[in-house]
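What follows is a set of notes on a single structure, which appears directly below.
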Amino acid sequence: MSATWGDFQAVIQLSAGLNVAILSFVDISLPAIKERRRVFAKARQELDIHRKNPHKRTAEEKSSHADAVGDVDRMLFDLWRETSAFEAIEDSLMKSTGVFGIFGAILGLGLLWYSAVHYDAEMSLTGEILTTFSFLSLAGAFLINFFTASKASTYAKRCNELRDHMRVHL
């Protein structure tokens, strides 16, 4: 016995609904991105405070402190350069989430309409493949946002470790 479009309609409805929900997937990665940016701004502020440390009185203390601040400044700059290279990728990934969402929503809604019109007709292999593609767009968007969030969290963690280093060594 072969499946009809009506038998698959619930699966297609799920696909259409989830693909419309893709557009909210950016909520997975946006908090991590905002946190990374906040942590970097805070690290820069803290480094400026350490740079102006008024407790260093002698020339030797000031020179040693300036060298330590310079080392941390270079580490922070290197980390910033690494994250700024990722920001371009990050923006591209965020846009691709929208593309996946629109593609998946159009495909899912089209399949939903087609399944309603051809409810009792036998489902073809093409229909099964298109239904699978409608779910792949969902998986792609989720993976993109999960990757973006994890990468942003990793950079925020590394920046926080650098901030801890500043507190201890400066």
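The values are calculated or read from the model by the stated rules, or taken from the named source; none is laboratory data. Treat the numbers as computed from the prediction; the structure is a model and nothing was measured. So basically every Cβ, Gly included, is an ideal-geometry build from the backbone, and we count neighbours across all protein chains shown. Each accessible area value is taken on the protein alone, full model and side chains, heavy atoms only, with ligands, DNA and RNA left out. Shrake-Rupley method; radii C 1.70, N 1.55, O 1.52, S 1.80 Å.
Using the structure shown, decide if ASP164 is loosely packed, with under 14 Cβ neighbours inside 10 Å, of a type outside the set (Ser, Thr, Tyr) and outside any helix (DSSP H, G or I).
So ASP164 does not fit the description; no.
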**Study point:** Residues (more than 21 Å from the chain's Cα centre (by Cα) and open to solvent by 60 Å² or more (accessible area, probe 1.4 Å)) located in the range 97-115
**Key:** ILE106, LEU109, TRP113, TYR114
Exercise for review: Please list, ordered by first then second residue, the pairs with beta carbon atoms under 6 Å, 6 or more apart or interchain, first in the range 19-42 and closer than 16 Å to PHE147 by Cβ and of a type in the set (Lys, Arg), second part of a helix (DSSP H, G or I) and open to solvent by less than 60 Å² (accessible area, probe 1.4 Å).
Suggested key: ARG36/ALA152; ARG36/TYR155; ARG36/ALA156
Exercise for review: Would you be able to tell me the number of residues in the range 65-102 that are aromatic (Phe, Trp, Tyr) and under 21 Å from ASP164 (Cβ atoms)?
Suggested key: 2
**Study point:** Enumeration of residues in the range 107-140 that are assigned to a helix (DSSP H, G or I) and hydroxyl-bearing (Ser, Thr, Tyr)
**Key:** TYR114, SER115, THR126, THR131, THR132, SER134, SER137
Point to revise | Complete set of residues in the range 4-25 that are open to solvent by less than 80 Å² (accessible area, probe 1.4 Å) and either touching a helix residue (DSSP H, G or I) at 6+ places or on another chain (Cβ under 6 Å) or under 30 Å from MET75 (Cβ atoms) (or both) | key: TRP5, GLN9, ILE12, SER15, ALA16, LEU18, ASN19, VAL20, ILE22, PHE25
